[in-house]
Amino acid sequence: MKNMLDFKTLTDFTDHFCDEETCRQHFASVRFRDGEYCVHCGHKEIYKFNDSKRYRCAKCKKDFTIKNGTIFGDSKLPLRKWYIALYLLATSGKGISSYQLAKQLGVTQKAAWFMAHRIRAAKQQGAHQLSGTIEVDETYVGGLEKNKHVRNRVQGTQGRSPKTKTPIVGMIQRGGEVRASVVDRVTMKAVEAKVCATAKSGSQIISDDFLSYARIGKMFPHQSIGHGRGEY
């Protein structure tokens, strides 16, 4: 499988990635390099539709494409245009403006700005998945109600209530990077989706014994630390 940066010229690159299907197959081989999985729940058994473009999970029954959950996910632009944009941004030593990118791709300046912003943000965040031993935990960011004036306090916000606090799921690869994401609620489904999207298949996941991590062991090797039993 050729790496995008193995090509010395844009002409060589576009000759190889000459159509949408070639780009789709390449991206599928990259995304599923460690085995196919559901992008929604991480389950390892998925079915492929006859058009070879859509998949369905054998567990959660949700449909998805190879682009779901990536920087290409909610874009209607062809994957091939994204590939060319990736190559141009990766090989332009002095950078490339959205106006230049728009001319090269044959898209509007607004679309080119959107693509460049997505690609640069992914590079800054480290778009690759974490691997090895990964610790995961959740927290709530926001002031304590007891520290607020009485008239500003909100009832029923103790514990894990997100009414006045922002729930965040964080993961750290031992000896590596940290990832943190805002979620609506720290539910089992939300936690599983974040772990599956962030952790490479086969990684060792370590968490506390909060209920939302109860099924992680079905997807990854999982060790649970029981704070209630005095384990830390």
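When only residues in the stretch 195-215 that are part of a helix (DSSP H, G or I) and in contact (Cβ under 8 Å) with a residue 40 or more places away in the chain count, which is surrounded by the fewest Cβ atoms within 10 Å (Cβ to Cβ)?
Only one residue fits best here, namely 197.
Just to verify a result, which residue in the stretch 11-58, among those that are touching a strand residue (DSSP E or B) at 6+ places or on another chain (Cβ under 9 Å) and among the charged types (D, E, K, R), is modelled with the lowest pLDDT?
For the stretch 11-58, the residue satisfying everything is 53.
Residues that are open to solvent by less than 20 Å² (accessible area, probe 1.4 Å), in a loop (DSSP other than H, G, I, E, B), out of contact with any Phe, Trp or Tyr (no Cβ under 9 Å at 6 or more places or on another chain) and of a type outside the set (Val, Ile, Thr): does the stretch 118-129 have at least one?
yes
Would you be able to say whether some residue in the stretch 55-72 is touching a residue at least 40 places away in the same chain (Cβ under 8 Å), open to solvent by 70 Å² or more (accessible area, probe 1.4 Å) and not hydroxyl-bearing (Ser, Thr, Tyr)?
yes
Hey, can you tell me all the residues within the stretch 92-143 that are of a type in the set (Gly, Ala, Ser), at pLDDT below 85 and under 30 Å from residue 34 (Cβ atoms)?
Hits for the stretch 92-143 are 121, 122, 126, 127.
Provide a single number: the residues in the stretch 73-96 that are crowded, with 18+ Cβ neighbours inside 10 Å, under 20 Å from the mean Cα position of the chain (by Cα) and not hydroxyl-bearing (Ser, Thr, Tyr).
Of the residues in that region, 4 qualify.
The values are calculated or read from the model by the stated rules, or taken from the named source; none is laboratory data. Worth saying up front: this structure is predicted, and the values here are computed from it rather than measured. A quick note on method: Cβ atoms are made from the backbone with ideal geometry, for glycine too, and the neighbour counts reach across all protein chains shown. Heads up: the accessible areas ignore ligands, DNA and RNA and are worked out on the full protein's heavy atoms, side chains in. Shrake-Rupley method; radii C 1.70, N 1.55, O 1.52, S 1.80 Å.
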